[in-house]
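Participant: Below you'll find the structure I mean.
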Number of protein chains: 2
Amino acid sequence: MSVQERKQRERAERERLIVATARELAEQQGWDAVTTRRLAERIEYSQPVLYSHFRGKREIIGAVALEGATEMAAALRAATSAADGPRTRVTALARAYLEFAARNPAVYDAMFELDGGLAFANEDTPPPLKDAFAALLESLGEVAGDGVHPALFTEVFWAALHGLATLTRAGRLPPEHTEPRVELLVARLAMV
Amino acid sequence: MSVQERKQRERAERERLIVATARELAEQQGWDAVTTRRLAERIEYSQPVLYSHFRGKREIIGAVALEGATEMAAALRAATSAADGPRTRVTALARAYLEFAARNPAVYDAMFELDGGLAFANEDTPPPLKDAFAALLESLGEVAGDGVHPALFTEVFWAALHGLATLTRAGRLPPEHTEPRVELLVARLAMV
DNA sequence: GTTCGATCCTAGCATCGCTAGACAAGCAAG
DNA sequence: CTTGCTTGTCTAGCGATGCTAGGATCGAAC
């Protein structure tokens, strides 16, 4: 059985390599540059190997998105756990969210802009995505205000963050005034 | 000169046909289905004709985006002019914005998700885009609150609407609770 | 050592955006 | 009316894309 196990290990290792390479390439040159040929060349295998791991390019994007969701959840929790008081936590959360989006644009795209073939907002949603939303909910739920459902509040706050992140990165909003925008958002939405 | 004028008119007419057809095809089957070949076939001309009007597919998307911006500005103004009182106006504005995005998904994509090669948030921004932002500013500026720059407030509110629109349409947010989300957003952000 | 199955690669398909160069239609000059 | 030229359009093709079929190769098992 040891032989099979070794092969499985190597296969899993190669799969990680594919995802990591795709992510790296996307961050360096954008998702348009992530073609199956270039990706295959970088991992030093031929194209069809990719298709023995993933159904297609789409699933590779999805894998990057899941990886990103895990990291984002961790980043959000790290930022909020260092802050005390609901208000400070929400501000830290908002800043961490936007910073994650700005520093990992390709990953953020994989999560929210591109089609990675992932299910959202239903029972088939993969755990990392649910957990990322949970990380938001943890800090945002406590400032939802009386009579407002925490999940609903989280959705609205999240949408605002997502809007700021995407519009800024796409050049629709000048990037200079990010900080005052965050402050305004927190000041108005969060009920201390 | 009459001959030249007629030709110019016909050319302009054909250009409108291209844009309208691209938009129609995109709304019917998504932007992925808008290929230069299919588009050429629908307007009953050959592919290269498209390139005598536009530099490439990108510019066609940009043209659809501009058309959409004009319509959106009109829709927003129509919705707000029928409401009296700042608070009612803002609610009407938010609903109109989200409805426009939901009813014209391909146009909304052309405006904000796809690359139409348009300049944003600087002096080169085409008039229709500036005007659409102005339409937002007209109603949102009056509820910015004391000491808050109207443009900054508009950016934040707009980002929130954009986030709701895109996340909902991409299946990231369940579409059922759109109305309470809008109400929460207006209740918190707008200072009556 | 031989067989056989898993693994991987070469080669190719259909389609994409875009362009060069041939061709025809229509106008101006003789 | 014919000739020549400009203007407009089309056919054909390039390189690149995602994806796949079918053959070659390699290693494990008897």
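The values are calculated or read from the model by the stated rules, or taken from the named source; none is laboratory data. What you see is a predicted model, and the numbers here were worked out from it, not measured in a lab. FYI the Cβ positions are ideal-geometry reconstructions off the backbone, even for glycines, and counts take in every protein chain you see. Keep in mind that these areas ignore ligands, DNA and RNA; they rest on the heavy atoms of the full protein, side chains included. Shrake-Rupley method; radii C 1.70, N 1.55, O 1.52, S 1.80 Å.
Participant: Go over the candidates B:Leu25, B:Leu17 one by one and state the one that is over 30 Å from B:Met191 (Cβ atoms) and either within 16 Å of DNA strand D (Cβ to nearest atom) or within 14 Å of chain A (Cβ to nearest Cβ) (or both).
Facilitator: Matching residue, one of B:Leu25, B:Leu17: B:Leu17.
Participant: Counting only residues that are in a helix (DSSP H, G or I) and open to solvent by 70 Å² or more (accessible area, probe 1.4 Å), how many does region B:114-130 have?
Facilitator: Looking only at that region, the number is 2.
Participant: Restricting to region B:164-179, what's the tally of residues that are within 9 Å of chain A (Cβ to nearest Cβ) and under 12 Å from B:Ala94 (Cβ atoms)?
Facilitator: The qualifying residues number 2.
Participant: Across region A:11-55, what is the total count of residues that are within 15 Å of DNA strand C (Cβ to nearest atom), outside any helix (DSSP H, G or I) and open to solvent by 30 Å² or more (accessible area, probe 1.4 Å)?
Facilitator: Adding up the residues that qualify gives 4.
Participant: B:Phe153 is checked against (1) aromatic (Phe, Trp, Tyr); (2) under 16 Å from the mean Cα position of the chain (by Cα); (3) within 13 Å of chain A (Cβ to nearest Cβ) and fails just one. What number does that condition carry?
Facilitator: B:Phe153 satisfies every listed condition except (2).
Participant: Another question, if that's okay. Go through (1) within 20 Å of B:Leu76 (Cβ to Cβ); (2) touching a residue at least 24 places away in the same chain (Cβ under 8 Å); (3) facing chain A (nearest Cβ under 10 Å) one by one and return the number of the condition B:Gly145 breaks.
Facilitator: That leaves (1) as the condition not met.
Participant: Is it the case, given these coordinates, that B:Asp84 is away from DNA strand D (no atom under 12 Å from the Cβ), on the phi < 0 side of the Ramachandran plot and open to solvent by 70 Å² or more (accessible area, probe 1.4 Å)?
Facilitator: For B:Asp84, the condition - away from DNA strand D (no atom under 12 Å from the Cβ), on the phi < 0 side of the Ramachandran plot and open to solvent by 70 Å² or more (accessible area, probe 1.4 Å) - is met.
Participant: Picking from A:Val90, A:Val107, which residue would you name as being open to solvent by less than 20 Å² (accessible area, probe 1.4 Å), away from DNA strand D (no atom under 16 Å from the Cβ), in contact (Cβ under 8 Å) with a residue 60 or more places away in the chain and over 16 Å from A:Ala159 (Cα atoms)?
Facilitator: Just a single option satisfies the conditions, and that option is A:Val107.
Participant: Report yes if A:Ala119 is within 26 Å of A:Phe54 (Cβ to Cβ) and within 9 Å of another protein chain (Cβ to nearest Cβ), otherwise no.
Facilitator: yes
Participant: Continuing with the same structure: Suppose we keep only residues that are in a helix (DSSP H, G or I) and either at positive phi or touching a Lys or Arg at 6+ places or on another chain (Cβ under 7 Å) (or both) within region A:145-157. Which one would you say is least open to solvent (accessible area, probe 1.4 Å)?
Facilitator: So the residue we want is A:Val156.
Participant: Would it be correct to say that B:Gly68 is farther than 26 Å from B:Pro127 by Cα and either in contact (Cβ under 8 Å) with a residue 40 or more places away in the chain or assigned by TED's automatic domain parsing to the domain that holds B:Leu93 (or both)?
Facilitator: Answer is no for this residue.
Participant: Continuing with the same structure: When you look at B:Glu142, is it open to solvent by 30 Å² or more (accessible area, probe 1.4 Å), farther than 24 Å from B:Ser81 by Cα and of a type in the set (D, E, K, R), yes or no?
Facilitator: no
Participant: Does A:Leu161 meet the test of being surrounded by 15 or more Cβ atoms within 10 Å (Cβ to Cβ) and in a helix (DSSP H, G or I)?
Facilitator: Here the answer is yes, as A:Leu161 does meet what is asked.
Participant: Condition test on B:Arg58, is it away from DNA strand D (no atom under 16 Å from the Cβ) and open to solvent by 30 Å² or more (accessible area, probe 1.4 Å)?
Facilitator: No; evaluated as a whole, the condition is false for this residue.
Participant: Kindly evaluate A:Thr178 against the criterion of being open to solvent by 30 Å² or more (accessible area, probe 1.4 Å), under 22 Å from B:Val156 (Cβ atoms) and not basic (Lys, Arg).
Facilitator: yes
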